[in-house]
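Taking it in order: structure first as structure tokens, then the write-up.
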Amino acid sequence: MPELTTVRRFEAAGFRAWPAGSVHYDGTWAIRLTPAHAGRRLNSINPLDPRDVSEIGARLERAAKHFEAAGRTTTMRLSPLAAKAIADHLDGLGWPRFAESAVMRLDLDDAVVEAALDQIPLKDVGRFVAAAISVRGQDASQQAGLADVIGSIEPEAGLFVLEQDGRPLATAICVHDGELAGLFEVATAAVERGRGYGRRVVLSALKWARMRGARIAWLQVEADNEPALKLYDTLGFREIYRYHYRQPPEDRSL
């Protein structure tokens, strides 16, 4: 079981690095909503204190009204900061768990990034977003929402795109937040996977953050994403904790 102080640190860093459009609090439940972007992290209830177990059902109903107003499915995100009683309550309601993710960290020093290519991050958010959508094979309608999220990041964010003949091969966002360097939107085009492009863009992003004083790199990755886990393992990342999501069974969309 990870130390809760460690979990709190990285949960807070995640909230700063990937900001929701709005945040409401009900006790120690952080209700994050982002109508412009469908990402689960940006549209979820996040319990932040395992001692907070009062009125779970009533609070869930109140939170559901916020989700309904935002046009989103009520979604609970359970990290080690969530009380077991919440998981038990959701079990009783038949809310299945899905999309389990691992939070991983790497002690970042010069040796980790010494062989990385120096790359200047993009200043053009629109260009990065277009590349990220293309690499992931997503619909262009999602560009505006992703641009809004990136534009709301308060810590310094480096936007990295690896290209060949003007065609994006891999992308990454590195959010430099004090001694932390958080990685987001790490992806490689499906037809280009297995050629080392993801590794190159990640290392370039981490080198950029290291030059700015970052000492710890971290990321979140779905636990069944074996190619990504293999990459991060070879880079030296190690898991520190996991979280997963819950939704009402009739509404759940994976």
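The values are calculated or read from the model by the stated rules, or taken from the named source; none is laboratory data. Note that the coordinates shown come from a computational prediction; the quantities given were computed from them, not determined experimentally. Cβ: placed from backbone, ideal geometry, glycine included. Neighbour counts: every protein chain shown.
Some notes on this structure:
- Neighbours by Cβ (under 6 Å, 6+ apart or cross-chain): first from the stretch 229-247, under 24 Å from A205 (Cα atoms); second modelled with pLDDT under 95 and not in a helix (DSSP H, G or I): I240/P2; Y241/P2
- Test: residue in the stretch 74-83 that is among the hydroxyl-bearing types (S, T, Y), surrounded by fewer than 18 Cβ atoms within 10 Å (Cβ to Cβ) and either assigned to a helix (DSSP H, G or I) or more than 18 Å from the chain's Cα centre (by Cα) (or both): no
- If only residues of the stretch 21-52 that are out of contact with any Pro (no Cβ under 7 Å at 6 or more places or on another chain) and among the hydroxyl-bearing types (S, T, Y) are counted, the one that is surrounded by the most Cβ atoms within 10 Å (Cβ to Cβ) is S44.
- Selection from the stretch 53-99 of residues that are of a type in the set (G, A, S) and more than 14 Å from P248 (Cβ to Cβ): S54, A58, A69, A70, G71, S79, A82, A83, A85, A87, A99
- Screening S152, S141, S134 for residues that are hydroxyl-bearing (S, T, Y) and free of Cβ contacts under 8 Å to residues at least 24 places away in the same chain leaves exactly one candidate, S141.
- Test: residue in the stretch 163-170 that is touching a Leu at 6+ places or on another chain (Cβ under 7 Å) and under 23 Å from W218 (Cα atoms): yes
- If only residues of the stretch 56-73 that are in a loop (DSSP other than H, G, I, E, B) and either of a type outside the set (S, T, N, Q) or not assigned by TED's automatic domain parsing to the domain that holds P96 (or both) are counted, the one that is surrounded by the most Cβ atoms within 10 Å (Cβ to Cβ) is R72.
- If the condition is being in contact (Cβ under 8 Å) with a residue 40 or more places away in the chain and of a type outside the set (A, V, I, L, M), then the stretch 3-21 contributes T6, R8, F10, E11, G14, R16, W18, P19, G21.
- Qualifying residue in the stretch 234-250 (condition: modelled with pLDDT under 95 and not assigned by TED's automatic domain parsing to the domain that holds L183): yes
- Pick from the stretch 9-55, criterion farther than 15 Å from Q247 by Cα and either assigned by TED's automatic domain parsing to the domain that holds Q142 or β-branched (V, I, T) (or both), ranking: nearest to the chain's Cα centre (by Cα): T34
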